[in-house]
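Undergrad: Got a structure for you, written out below as structure tokens; questions coming shortly.
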Amino acid sequence: MPISKAIVRDGLNFLSKLTLLKILNFGQLYISYHVSKFLGKAVHKGEPMTISMEPTTACNLRCPECPSGLRSFTRLTGNLKSDFFRSTIDQVHSKLMYLILYFQGEPYINPQFLEMVAYAKRKNIYTITSTNGHFLSEENAKKTIESGLDRIIISIDGITQESYAAYRKEGKLEEVIQGAKNLVHWKKEMKSPTPFVIFQFLVVKPNEHEIDGLIQLANEIGVDEVKLKTAQVYDFKHGNELIPTIEKYSRYRKNADGTYSIKNYLLNHCWKMWHSCVVTWDGIVVPCCFDKDADHRLGNLKSNDFKDIWRSKDYNEFRSLIIKGRDQIDICNNCTEGCKVWETVSV
């Protein structure tokens, strides 16, 4: 498959933000991770090369496999504040390769979201977000371009309202499509190479027949890339109406007894635990994006510096626990680390 000009531009944009310090830090992370695998003991050097920060836990949709959509959090809900965001970025930006401004919730609900993107841009960090696409009005699309956001993932899980709403409960497909059109329009109008626009299609049983139509729609709009994503479901053991029939798009396999199990074997190591972390809107540091309710709290940035948390006894003990046995950690039991999650289609 030929590589599109948009993908090349996006790659060059990412490379333009690298520094010698960031590259050396990556080397420390990579070597210490593989040393840990070899020794069977957690050894860690370096600082995170990527961080996810949560703009908000609020969402306008009611997706059935999402804590935000289900309104099922036991942790506090709220919006990330820009002053706290800036203070955190100031601590980590020199070695940070990219910043994911998304965890739970819909980022554009936070009124300071694009202001935070612009700040990260000024700190020479490659920025990424993921949105359900309902807030990309003409005004917001233009402001998104102006913010300097590098990459945006728009979730579009169907090309008919019926199939789309099977998962994106209370969502309106026509608003998502118009939002994508607004973004592409303003990119062209402002002659901006960014953001790199991705349609993310969560392949589930109600929409699996629409993949070809999605690619055609993305072409018509001028989207840069389509990502076909496998769906994580919580209640999968006895089957689930969302599990697709197309085997390669399912994270789960059907066993001889009719039950289902996750495809990938839980290896006792995890790259994410060496190079990244997640920060909730209120400053709680958690190990990864599978800890949606922040059960595994490794520190609080409202009361501690980032480096102190990253090097803390609690964090090192969690990395050691990963090496000893991931099957003993609840958030790892439905994890897809090592399992193919994406299929990318250039458009």
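Undergrad: Quick one: putting +1 on the C-beta of Lys and Arg, -1 on the C-beta of Asp and Glu, what dipole do you get for the chain around its Cα centre, in Debye to the nearest 20?
TA: 1140
Undergrad: Under 1.5 on a/c is rounded, so check that first for segment 1-75, then, if it is not, pick prolate when a/b is larger than b/c and oblate when it is not; a ≥ b ≥ c are the square roots of the alpha carbon gyration tensor eigenvalues. Can you show the working numbers first?
TA: Details: a/c = 2.36, a/b = 1.29, b/c = 1.83.
Because a/c hits 1.5 or more and a/b fails to exceed b/c, segment 1-75 counts as oblate.
Undergrad: Suppose we take every Cα in segment 189-347 and form the convex hull; what volume per residue is that in Å³?
TA: So the per-residue hull volume is 158 Å³.
Undergrad: Still on this structure: Would you mind calculating the gained length between TRP271 and ASN333 on full extension (0.36 nm times residue separation, minus the Cα-Cα distance), in nm to one decimal? Write out the running numbers ahead of the final one.
TA: On the way: separation 62, 0.36 × 62 = 22.32 nm, distance 1.61 nm.
Residue separation times 0.36 nm, minus the Cα-Cα distance, leaves 20.7 nm.
Undergrad: Between SER87 and LYS248, how many nm apart are label points set 7 Å from Cα along the C-beta direction?
TA: Here the modelled spin labels are 4.9 nm apart.
Undergrad: If you plug each phi of segment 97-107 into the Karplus form 6.51 cos²θ - 1.76 cosθ + 1.60 with θ = phi - 60°, what whole-Hz ³J(HN,Hα) values come out, in order, with x for Gly and Pro?
TA: The phi angles translate into 7, 8, 10, 9, 8, 5, 9, 10, x, 9, x Hz.
Undergrad: Expressed as a whole percentage, what fraction of the accessible surface of segment 89-220 belongs to carbon and sulfur atoms when a 1.4 Å probe is rolled over the protein heavy atoms?
TA: Carbon and sulfur atoms account for 49 percent of the accessible area of segment 89-220.
Undergrad: Using 0.36 nm per residue of separation minus the Cα-Cα distance, give me the extension gain between GLU115 and LEU20 in nm, one decimal.
TA: Result: 31.4 nm gained on full extension.
Undergrad: How about LYS307: which aspartates and glutamates have a C-alpha closer than 20 Å to its C-alpha, ignoring those fewer than 8 places off in the same chain?
TA: Correct list for LYS307: GLU47, GLU54, ASP83, ASP90, ASP282, GLU317.
Undergrad: Using a 1.4 Å probe, what is the accessible area per residue for the chain, in Å²?
TA: On a per-residue basis, 46 Å².
Undergrad: Once you have all Cα-Cα distances for the chain, histogram them in 20 Å bins from zero and send the whole-percent values.
TA: Spelled out bin by bin, the chain gives 29, 62, 9 percent.
Undergrad: Same structure again: Can you flag which of LYS205/LYS292; LYS17/LYS191; LYS172/LYS292; LYS181/LYS237; LYS187/LYS292; LYS37/LYS95 are past 29 Å Cα-Cα? Please list the in-between numbers first.
TA: Numbers: LYS205/LYS292 24 Å; LYS17/LYS191 20 Å; LYS172/LYS292 25 Å; LYS181/LYS237 40 Å; LYS187/LYS292 33 Å; LYS37/LYS95 24 Å.
The pairs that break the limit, which is 29 Å between Cα atoms, are LYS181/LYS237; LYS187/LYS292.
Undergrad: For SER137 and LYS37 in the same chain, what is the full-extension length gain: residue separation times 0.36 nm, less their Cα-Cα distance, in nm?
TA: 31.3 nm
Undergrad: Let me ask something additional. Quick check on segment 195-269: of the DSSP beta bridges with both residues there, what percent are antiparallel, nearest 5%?
TA: 35
Undergrad: What whole number of Å gives the distance from the Cα centroid of segment 50-128 to the Cα centroid of segment 249-304?
TA: 17
Undergrad: Oh, and also: Give the peptides 163-174, 306-317 in descending order of average Cβ contacts within 10 Å, highest first. Intermediate values should be presented prior to the final figure.
TA: On the way: 163-174: 18.6, 306-317: 14.8.
Most protected by this proxy first, the peptides run 163-174, 306-317.
Undergrad: Given the alpha-carbon gyration tensor of segment 155-213, what are the semi-axes of its equivalent ellipsoid in whole angstrom, ordered largest first, with each equal to the square root of 5 times an eigenvalue?
TA: For segment 155-213, the semi-axes come out at 25, 12, 8 Å.
Undergrad: Right, another one. Viscosity 0.890 mPa s, temperature 25 °C: what is the translational diffusion coefficient of segment 99-232 from Stokes-Einstein with a Kirkwood Rh over Cα pairs, rounded to a whole number of µm²/s?
TA: Working: Rh = 15.0 Å.
It comes out at roughly 164 µm²/s.
The values are calculated or read from the model by the stated rules, or taken from the named source; none is laboratory data. Small disclaimer: the values here were computed from a predicted structure and weren't measured. No Cβ is skipped: glycine too gets one built from the backbone with ideal geometry, and neighbour counts run over all protein chains shown. Ligands, DNA and RNA are stripped out before the accessible areas are found, and what is left, the full protein with its side chains, is counted by its heavy atoms. Shrake-Rupley method; radii C 1.70, N 1.55, O 1.52, S 1.80 Å.
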